[in-house]
Amino acid sequence: MPPALREVPYVQELQASVQSFECGTQEFELILSDWIKNHECFNDVAKYGTKIWLYYSEDNQLVGYGSYGRTELKYPDPKEPRVVGIIPMIAVDSKFKGKPPGQWQDRYASAVLRQIISVAIADGQSLLSLNVHSCNLAAITFYERHGFSFITKKPNREGNHRMIMVLIPQEVN
């Protein structure tokens, strides 16, 4: 059975509560941890209208965070951009990765992703995109299990190669 999560909109007044958040030691994991702990996430809120939520376990521990916004994507027709939903950043604290034991769809990470997918569907989006580092094989497998598929590879603004995946929310159970 999927874990129950309490969703809290992330505002600057809660910044002190996320300072212990860590999702790993690899470069892409450090970027995810730093994004939520520093002011960069609030810059994205101001600049792009990104919405961010913190997710807490039943015993009030910070499990992870998710974010949602809109972006222009040239898909499926590369000549015609369209507005789609995007998950700018999503992460689960290291102590909650792979938990609770059992089926992958019953884990905290899946519960956080399903919350963001629900936001995109409520926003009327038929496509939901995200970026993932090409070296983050666990995340790639995770997103594929949830219905995302590759559409292209392109470097992000930091010069790292990421893969863009698209989800068609109506096909998600």
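Just so it is clear, none of the values below were taken in a lab; they were calculated from the coordinates. All of these numbers come straight from a predicted model, not from anything done at the bench. Cβ placement follows ideal geometry from the backbone for every residue including glycine, while neighbour counts extend to all protein chains displayed.
Key figures for this structure:
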item	result
Residue count for region 5-31, restricted to those that are outside any helix (DSSP H, G or I), among the β-branched types (Val, Ile, Thr) and surrounded by 15 or more Cβ atoms within 10 Å (Cβ to Cβ)	1
Residues (closer than 20 Å to His133 by Cα, among the β-branched types (Val, Ile, Thr) and more than 12 Å from the chain's Cα centre (by Cα)) located in region 25-81	Thr25, Ile31, Thr71
Residue that is under 25 Å from Gln103 (Cα atoms) and charged (D, E, K, R), where the choices are Glu40, Glu22	Glu22
Subset of region 111-145 [β-branched (Val, Ile, Thr) and in a helix (DSSP H, G or I)]	Val112, Ile116, Ile117, Val119, Ile121, Ile140, Thr141
Any hit, region 43-66, residues being surrounded by fewer than 20 Cβ atoms within 10 Å (Cβ to Cβ) and among the aliphatic types (A, V, I, L, M)	yes
